[in-house]
Amino acid sequence: MEGELPFKTETKTFPKGTVLFKPGDVFDNNYFIVSGIIQFSAYTKDNQEKILEFLYPKEFFGIYSFFTNASPTYYITCITDCTLETMPIKQYREGMETSFLLNGLSLYVLEYWFIRRLQKEKEMLTKTAEDRYYNLLKYRSDVIKQIPVSKIAKYLGIHPDSLSRIRRSKLLLQ
């Protein structure tokens, strides 16, 4: 797939802690993460944060809103300083009508996210928290050190003390 996108993108930087979107906000852009880590989270009725996903460099987000015309029902936050390439949704929609490259990109992103969601659901249902933590270390050791332990624990669906025990037992095994 060679060629150029049928619109200009813009690169923006955001400091750590920036809340990019909250429930009800309107997505005006799709995003490509150039650098940094993004967190998707939601809150329970009793105000407990649940971390749904971490996104890393070279990943897209926002495509879902493009196809559903829905506002996010979660928070999207920069947990490190982030550089994002923005793609305006209006021009993205228009470009889909004429650009083979853009259609291929969209299909790739949708397939990527579909497979990623299935894998995460399967892991949450079939693996222990310890196994999920080791997989996170195995596949994301390059960036996982930038994420606070408390956030990793929430992502794994366990208490931070449980994650500390898992981490200590891993150190003992080495």
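Restricting the search to the range 1-18, which residues are at pLDDT below 95 and not acidic (D, E)?
Taking the range 1-18 and keeping what is at pLDDT below 95, we get 1-10.
Result: M1, G3, L5, P6, F7, K8, T9.
Of the conditions (1) modelled with pLDDT of 85 or more; (2) surrounded by 13 or more Cβ atoms within 10 Å (Cβ to Cβ), V143 satisfies every one except a single condition; which number is it?
(1)
Can you tell me which residue is nearest to Y108 (Cα to Cα) among those in the range 1-48 that are acidic (D, E) and in contact with a Ser or Thr (Cβ under 7 Å, 6 or more places away or on another chain)? Give the derivation first.
Step one: filter the range 1-48 for residues acidic (D, E), giving 2, 4, 10, 25, 28, 46.
Among the residues that remain, those that are also in contact with a Ser or Thr (Cβ under 7 Å, 6 or more places away or on another chain) are: 10, 25.
Working: E10: 21, D25: 26 Å.
Among those that are acidic (D, E) and in contact with a Ser or Thr (Cβ under 7 Å, 6 or more places away or on another chain), it is E10.
Restricting the search to the range 141-156, which residues are free of Cβ contacts under 8 Å to residues at least 60 places away in the same chain and of a type in the set (A, V, I, L, M)?
Residues satisfying the conditions are I144, V149, I152, A153, L156.
In the range 101-140, which residue that is free of Cβ contacts under 8 Å to residues at least 12 places away in the same chain and among the β-branched types (V, I, T) is surrounded by the most Cβ atoms within 10 Å (Cβ to Cβ)?
T128
Against the condition at pLDDT 95 or above and assigned by TED's automatic domain parsing to the domain that holds N103, how does G24 come out, does it pass? Don't jump to the end; show me each part of the working.
Numbers: at pLDDT 95 or above: no; assigned by TED's automatic domain parsing to the domain that holds N103: yes.
No.
The values are calculated or read from the model by the stated rules, or taken from the named source; none is laboratory data. Bear in mind the structure is a predicted one, so any value in this text is a computation, not a measurement. Every residue, glycine as well, gets a Cβ built from its backbone with ideal geometry; the counts of neighbours run over all protein chains shown.
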